[in-house]
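Accompanying notes for the structure given below.
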Amino acid sequence: MKANAKGQKRRQRKEFLTGILFIAPGFIGFLVFIFAPVLISVILSFCKWDFLQGLSAIRFNGFSNYLKLFNDPWFLSSYFNNIMFTVITVPALTILGLVSAEIMNRHIFGRSVVRIMFFIPYIASVVAVCTVWQVLLHPGFGPVNSFLKAIGMQNPPKWLADLRWSLPSIMIIYIWQNIGYYSVVFLAGLKGIPQELYEAAAIDGAGSVRQFFSVTVPLIQPTTFFLVTMGIIGSFKVFDHISVLTQGGPGSSSSVMAYYVYRTAFEEYNMGYANTLAWALFVLIFIVTVIQFRMQRKFSR
């Protein structure tokens, strides 16, 4: 009996050590590449640090960085712009993506070719896409303004160089580039809806529009929730379009949080305040995500 008990304990010890060895690489990776950077970021958010002066220049300054947020016009403008960017682009992408997917699924011949054409801008280089749109929206010789002048508009917008139109212009480009992804994902979700439901609705006298709102929209809800969640997170992380097209200008009219964090850290070298901005962005994303999950639970009941 004692020998059996010892043998069982030995096997349990070996199994425990084997389990530790299996999880060790992932756990060490988590500590080194996720937990440690997050912890360092929290600490630096309470410090003043000129990145160029090295680690010896780190100085603890308490809540000064967080108090500075409320008196920083660039932060307030970037925060507001980011919220506006999300509020406009996510619903627009969701609605346009679902409608275009429904049209491709039911009413378009050669949908595979059309689907590829829709998806190409999404996989294209952001720099290439933005460069093309810079030419199209050029206030002087761009084709868009040339067309507007040709149809009688005397003073067309300056688009990316206009205080009022810079952010809407970036939104248009962002929606145009990403609508293909939404359409393809929605199209995959539509394939999972049984055709019998549409046939039953048609027998009951429901037309195409009624079928869309009574059958498609409710059953596509899990896909919609996924796309909206990822869209919100992606919209708060938008950076490359801003960096290539406007660098946050004119003034701070098109600046968003991700770009302002980059600008503060790697152009002004104020690494402590940059980490404070990053945590302010995290709080915003966290609040919006929690609200979204609660709304999803409410509407799915």
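Being without any contact (Cβ under 8 Å) to a residue 24 or more places away in the chain and within 27 Å of the chain's Cα centre (by Cα) narrows it down to one residue among 95, 88; which is it?
After applying the criteria, what remains is 95.
Scanning segment 238-247 for residues that are surrounded by 15 or more Cβ atoms within 10 Å (Cβ to Cβ) and free of Cβ contacts under 8 Å to residues at least 24 places away in the same chain yields a total of 2. Close contacts from segment 279-296, counting a first residue that is in contact (Cβ under 8 Å) with a residue 24 or more places away in the chain and a second that is charged (D, E, K, R), with Cβ to Cβ under 9 Å and a gap of 6+ residues or different chains, come to 281/237; 285/237.
Looking at segment 34-67, which of its residues are free of Cβ contacts under 8 Å to residues at least 12 places away in the same chain and exposed (fewer than 10 other Cβ atoms within 10 Å of the Cβ)?
Listed by number, the residues that qualify are 54, 55, 56.
The residues of segment 123-170 that are buried (at least 19 other Cβ atoms within 10 Å of the Cβ) and hydrophobic (A, V, I, L, M, F, W, C), listed by number, are 129, 130, 133, 137, 159, 160, 165, 167, 170.
Yes/no matrix, rows are residues, columns are (1) under 30 Å from residue 135 (Cα atoms); (2) outside the structural domain of residue 253 (by TED's automatic domain parsing); (3) under 17 Å from the mean Cα position of the chain (by Cα):
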| position | (1), (2), (3) |
| --- | --- |
| 160 | yes, no, no |
| 165 | yes, no, no |
| 180 | yes, no, yes |
| 188 | no, no, no |
| 196 | no, no, no |
| 200 | no, no, no |
| 207 | no, no, no |
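Of the residues 273, 269, which is within 23 Å of residue 62 (Cα to Cα) and in contact with a Ser or Thr (Cβ under 6 Å, 6 or more places away or on another chain)? The unique qualifying residue is 273.
The set of residues in segment 257-301 that are under 16 Å from residue 73 (Cα atoms) and β-branched (Val, Ile, Thr) comprises 261, 264, 276.
For segment 198-233, filtering for residues that are touching a residue at least 24 places away in the same chain (Cβ under 8 Å) and of a type in the set (Gly, Ala, Ser) leaves 2. Among the residues of segment 76-96, are any farther than 22 Å from residue 231 by Cα and either at pLDDT below 90 or of a type outside the set (A, V, I, L, M) (or both)? No, there is no match, as no residue in segment 76-96 is farther than 22 Å from residue 231 by Cα and either at pLDDT below 90 or of a type outside the set (A, V, I, L, M) (or both). Evaluate the following for residue 211: is it part of a helix (DSSP H, G or I), over 23 Å from residue 297 (Cβ atoms), of a type in the set (S, T, N, Q) and at pLDDT below 90? The answer is yes for residue 211.
Criterion applied to 95, 83, 88 was being assigned to a helix (DSSP H, G or I) and loosely packed, with under 14 Cβ neighbours inside 10 Å, and the one residue passing it is 95. The residues listed here are 120, 116; of these, the one that is touching a residue at least 60 places away in the same chain (Cβ under 8 Å) and either surrounded by 15 or more Cβ atoms within 10 Å (Cβ to Cβ) or in the same structural domain as residue 184 (by TED's automatic domain parsing) (or both) is 120. For residue 89, state whether it is of a type in the set (Val, Ile, Thr) and out of contact with any Leu (no Cβ under 8 Å at 6 or more places or on another chain). Answer is yes for this residue.
The values are calculated or read from the model by the stated rules, or taken from the named source; none is laboratory data. Just so it is clear, the structure is predicted and the values come from calculations on it, not from any experiment. With ideal geometry, Cβ positions are generated from the backbone for all residues, glycine too; neighbour counts draw on all protein chains shown.
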